[in-house]
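Enquirer: Supplied in structure tokens, the structure appears directly below.
The values are calculated or read from the model by the stated rules, or taken from the named source; none is laboratory data. Remember, predicted model here, so these are calculated numbers, not experimental data. Note: ideal-geometry Cβ built from the backbone for every residue, glycine included; neighbour counts use all protein chains shown.
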Amino acid sequence: MTRHILLAKHALKNMNSILSASLILISTHLFGQQWPEYRVDSTLTVRIPENIVVLDTLGQHILRAQIDNALIMIQRLPNTGEQAASIQSKNDLIDNYKGFQRGLVESQKGKLKNQKIFQKDGLELIHFSYYATRGEEQQLRHCLTVFINGAWYSVHFWELATMTDELAEEREQLFSSVTFPPGVNLKNQMSASIEGSRMYNRGFLIGKTLGYILMLVLAVVSAIWISRAVNRKTRHPKQI
């Protein structure tokens, strides 16, 4: 009986050692897959793949990066000019967010899947997902938007709709990595633009404008979407 107990303890000890080693390997692998941190400007920092293309055009600062079966883009648009939004309360901000979502989705001829307005680091943000097509591809597009320090920031993750479960880790890594400077709060999200409007339609126009510019820039730089053929090759090589 004593011998069996000793053997059992020894086996348990070996199993614990194997489990610990496995956890270390998994943690190392996950850490190794983490994207580098990128400082968009003094307001927003995000983790993004290293194959970044930076564009400053049509009044926007745009970042583009690509991974298998997904496209990542980050936009910054100053809140200036005739279409500038005048945001003087939390309700104004939320109204403009809802208009922004509607305008962007409409510009992509998409169909809204879901949306939520939530708080992060003392700020109000909107996150929404919608279905859209590019060529013959059915895509699911995710967008995180924040208005802060006089500018609109949008983080986009476009993926093949059929790959959404497989891309959950990369998608979460992108959106969860968005950070802002210490000490910011709702006051940083107000805008007393004289020429701006507090109307819901102003957010709609801004969202629509960003959407159209996004598509134009992608066309100009000949952004290549990952096709279903490439998707099958990278995920299921035996089917090719």
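Enquirer: So which residues in region 118-138 are touching a residue at least 60 places away in the same chain (Cβ under 8 Å) and surrounded by 19 or more Cβ atoms within 10 Å (Cβ to Cβ)?
Expert: Answer for region 118-138, where residues must be touching a residue at least 60 places away in the same chain (Cβ under 8 Å) and surrounded by 19 or more Cβ atoms within 10 Å (Cβ to Cβ): there is none.
Enquirer: A further question on this structure: Could you tell me whether Q115 is buried (at least 22 other Cβ atoms within 10 Å of the Cβ), assigned to a strand (DSSP E or B) and under 16 Å from the mean Cα position of the chain (by Cα)?
Expert: no
Enquirer: Looking at region 181-189, can you tell me whether even one residue there is part of a strand (DSSP E or B) and either at pLDDT 95 or above or touching a helix residue (DSSP H, G or I) at 6+ places or on another chain (Cβ under 8 Å) (or both)?
Expert: no
Enquirer: Among the numbered criteria (1) under 20 Å from A65 (Cα atoms); (2) touching a Ser or Thr at 6+ places or on another chain (Cβ under 7 Å); (3) at pLDDT 95 or above, which single criterion is violated by L174?
Expert: Among (1) under 20 Å from A65 (Cα atoms); (2) touching a Ser or Thr at 6+ places or on another chain (Cβ under 7 Å); (3) at pLDDT 95 or above, the lone unmet condition for L174 is (2).
Enquirer: Against the condition touching a residue at least 12 places away in the same chain (Cβ under 8 Å), over 30 Å from D165 (Cβ atoms) and small (G, A, S), how does S86 come out, does it pass?
Expert: Spelling it out, S86 is indeed touching a residue at least 12 places away in the same chain (Cβ under 8 Å), over 30 Å from D165 (Cβ atoms) and small (G, A, S).
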